[in-house]
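Quick notes on the structure that follows.
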Amino acid sequence: MIRDQWYAVLESRELGKRPLGATRMGERLLFWRDTDGKPVCLYDRCAHRGASLALGRSFDGRIQCPFHGLEYDSTGRCVRIPANGRDVPVPDSFRVTSYPTHEAHGIIWIWWGFSPPHDLEPPAFFEDLEEMKVWATVQDRWDNHYSKVMENQLDVVHLPFVHANSIGRGNATLVEGPGLEWKGENLFFVYPFNKRDDGTRPRTPEEVPVPPPDREFKVELMFPNMWENHISKKARILALFVPVDETHTILYLRFYQRFVRIPLLRGLICRLAAPMNLYIAHQDRRVVNTQIPKRDGAGTGELLFQGDFPIMEFRKKRIELKKRAGMKPLQ
């Protein structure tokens, strides 16, 4: 995981009135809502004896430890130790780490860093989804690093083999391109040009038209952990690759549509699409879970070729972000 970035970590519907404990970024975290309903994220570890705060209760904008009643505010500062008396000041050392949060589009993000800038901007989101208000979500746990799961969604080479009876039908094993188009610093589009092997040399990424003039389909990756499949003008799939720890990921898959606008049917259509999306994801998961090493997909021990161009670009950007965050590259 790379610090100093906004990570999508939960769906809004998962966080109600009660505190929620969840492992994210390899850390035991506590989520709860303050008096205004805004999400709060703290380390789930009381500064006193290390108990889980998620077992406690929230009230008046505070979270109370279930073990000895210590109370923390939304910044992670302990504001009351009942055993010491209500008028005794709490030592400054009694605090837990907090992370800035943002909530929009039914998603909760945390800014995973230790010193957020004073002018911290909210996380970006996919502009074309702003108007698509109806979706259905499924969750799926994968046993590998979140970057490996993300790379799978950039991999156009695997389609006719892993998905031979679904989205990879047609035996289009020859990979032209793939085309890739950067949009700003943290977002790029990928355009597949797979076809049946007719004995011709596949065009390079520089030779294919970007963007293609004759097609709607493309995939879009937004750092650090979101992806969108542009199926058509009226159908989209959103993926959130939520890091649990170094070897586990929760994949959130959303299906959006606006081809059916009848209120009673539009949500039903989204829910009916969910099982197929999960079926396709499980075709991938079966293979991705076997990839080794089960850690950051930096390419150790791998040999890549032209069809892996989107994965190469993804890894180059992650190396850049690691350097910016002061992290050492993998050996």
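The values are calculated or read from the model by the stated rules, or taken from the named source; none is laboratory data. Everything quoted here is computed from the prediction, not taken from an experiment. Backbone-built Cβ (ideal geometry, glycine too); neighbour counts: all protein chains shown.
Descriptive notes on the structure:
- Condition met for Glu27 (touching a residue at least 60 places away in the same chain (Cβ under 8 Å) and among the acidic types (Asp, Glu)): no
- Extreme residue, nearest to Pro224 (Cα to Cα), among residues of the range 16-30 that are buried (at least 20 other Cβ atoms within 10 Å of the Cβ) and over 17 Å from the mean Cα position of the chain (by Cα): Leu30
- Failed item in (1) within 27 Å of the chain's Cα centre (by Cα); (2) under 20 Å from Phe309 (Cα atoms), with Arg203 passing the rest: (1)
- Across the range 126-161, the qualifying residues are those that are surrounded by 13 or more Cβ atoms within 10 Å (Cβ to Cβ) and without any contact (Cβ under 8 Å) to a residue 60 or more places away in the chain, and the one among them that is nearest to the chain's Cα centre (by Cα) is Leu159.
- Residues of the range 106-125 classified as within 30 Å of Glu302 (Cα to Cα) and loosely packed, with under 14 Cβ neighbours inside 10 Å, total: 0
- Residue match in the range 97-107 (condition: over 24 Å from Leu251 (Cα atoms) and either in contact with a His (Cβ under 8 Å, 6 or more places away or on another chain) or outside the structural domain of Arg254 (by TED's automatic domain parsing) (or both)): yes
- Any pair with Cβ under 6 angstrom, 6 or more apart, that starts in the range 46-74 at a residue that is without any contact (Cβ under 8 Å) to a residue 60 or more places away in the chain and ends at one that is part of a helix (DSSP H, G or I): Cys46/Leu53; Ile63/Leu53; Cys65/Leu53; Pro66/Leu55; Gly69/Pro82
Residue-by-condition table, conditions (1) of a type in the set (Lys, Arg); (2) at pLDDT 95 or above; (3) not in a loop (DSSP other than H, G, I, E, B); (4) not assigned by TED's automatic domain parsing to the domain that holds Thr23:
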| position | (1), (2), (3), (4) |
| --- | --- |
| Leu240 | no, yes, yes, yes |
| Pro243 | no, yes, yes, yes |
| Ala273 | no, no, yes, yes |
| Gln283 | no, yes, yes, yes |
| Gly299 | no, no, no, yes |
| Asp308 | no, yes, yes, yes |
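- In summary, Pro91 fulfils each of the numbered conditions (1) touching a residue at least 24 places away in the same chain (Cβ under 8 Å); (2) over 17 Å from the mean Cα position of the chain (by Cα) with the single exception of condition (1).
- Cys78 being in contact with a Cys (Cβ under 7 Å, 6 or more places away or on another chain), buried (at least 16 other Cβ atoms within 10 Å of the Cβ) and modelled with pLDDT of 95 or more: no
- Filtering the range 245-267 to residues that are under 19 Å from Leu278 (Cβ atoms) and either aromatic (Phe, Trp, Tyr) or surrounded by 20 or more Cβ atoms within 10 Å (Cβ to Cβ) (or both) leaves Thr249, Ile250, Leu251, Tyr252, Leu253, Arg254, Phe255, Tyr256, Gln257.
- Where strands (runs of 3 or more DSSP E) fall entirely within the range 2-61, those with at least 3 residues that are aliphatic (A, V, I, L, M) are at 5-11.
- Extreme residue, nearest to Arg315 (Cα to Cα), among residues of the range 257-285 that are of a type in the set (D, E, K, R) and in contact with a helix residue (DSSP H, G or I) (Cβ under 8 Å, 6 or more places away or on another chain): Asp284
- Boolean, Ser93 is at pLDDT 95 or above and out of contact with any Asp or Glu (no Cβ under 8 Å at 6 or more places or on another chain): yes
- Scanning the range 119-135 for any residue that is modelled with pLDDT of 95 or more, under 30 Å from Val260 (Cα atoms) and in a helix (DSSP H, G or I) turns up nothing.
- Some residue of the range 71-93 being among the acidic types (Asp, Glu) and within 25 Å of Thr23 (Cβ to Cβ): yes
- Taking the listed residues Gly113, Gly69, Gly56, the one that is within 17 Å of the chain's Cα centre (by Cα) and more than 30 Å from Phe255 (Cα to Cα) is Gly113, with no other qualifying.
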